[in-house]
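In what follows, a structure is listed as structure tokens, so that the remarks can point back to it.
The values are calculated or read from the model by the stated rules, or taken from the named source; none is laboratory data. In this text, all values refer to a predicted model and were calculated from it rather than measured experimentally. Cβ atoms come from the backbone with ideal geometry, glycine included; neighbour counts cover every protein chain shown. These area figures cover heavy atoms from the full protein model, side chains too; ligands, DNA and RNA do not enter into them. Shrake-Rupley method; radii C 1.70, N 1.55, O 1.52, S 1.80 Å.
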Amino acid sequence: KEIFDLAKKFVPSDLRVQRMDISQIRSGKTPEIEIGFNATRQLEYIKQIIERFPNSNIGILVHFGNEVIKIKKYLETEEYSCAENAPNNRLFLTMYMKWI
């Protein structure tokens, strides 16, 4: 819920997004916001979060769809996998949501 609430702040003039009802979504922790990282440090930080919170549902908000692919490729080089048979402690899923 908190991630959707934060995401809505990125597009304050988009009335369709602002009307999204998130009241039925379960609450979670307040999102962490980090700024000032270069691309390499961003990827390393994402990996640290994943390792710190294994088997958790972690949402990462990015500006462009190609950034999802960059994160996926990085995690695969770090021996994480989207494969169905990947061990739970190395499994991740990607989801791309586009707000038009």
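Which residue, N57, N88, N38, has the most motion in a Gaussian network model of the chain that connects Cα atoms within less than 10 Å?
N38
Cβ under 13 Å from T94's Cβ, T94 left aside: what net charge do those residues give with Lys, Arg +1 and Asp, Glu -1?
Here the charged neighbours net out to +1.
Give the carbon-plus-sulfur fraction of the accessible surface of the chain in %, rounded to a whole number; probe 1.4 Å, heavy atoms of protein chains only.
Ligands and nucleic acids excluded, carbon and sulfur give 54 percent.
Quick one: work out Rg over Rh on the C-alpha atoms of the chain, Rh as Kirkwood radius.
With Rh from the inverse mean 1/r over Cα pairs, Rg/Rh is 0.97.
Per DSSP helix of 4 or more residues, -39500 (n - 2.57); summed, then divided by the residues of the chain. What does that give at 222 nm, rounded to the nearest 500?
Dividing the helical sum by the residues of the chain leaves -11500 deg cm²/dmol.
Provide the solvent-accessible area of T77, counting protein heavy atoms only and rolling a 1.4 Å probe, rounded to the nearest 10 Å².
Spelled out: T77, probe radius 1.4 Å, area about 100 Å².
Label-point separation (nm) for R52 and I25, each offset 7 Å from Cα along Cα-to-Cβ?
Taking the two extended label points, one gets 2.2 nm.
For V11 and I33 in one chain, what is 0.36 nm times their gap in residues minus the Cα-Cα distance, to one decimal in nm?
Taking V11 through I33 to full extension adds about 6.2 nm, to one decimal.
Counting other Cβ atoms within 10 Å, keep those with at most 15, restrict to DSSP loop, and tell me which GluC sites (Glu not before Pro) in segment 1-65 are left.
Values: sites: E2, E32, E34, E44, E51; in loops: E32, E34.
Taking segment 1-65 and a limit of 15 other Cβ atoms within 10 Å, the loop GluC sites (Glu not before Pro) found are E32, E34.
With a 1.4 Å probe and all protein chains kept in place, how much accessible area does D14 have, in Å² rounded to the nearest 10?
Spelled out: D14, probe radius 1.4 Å, area about 40 Å².
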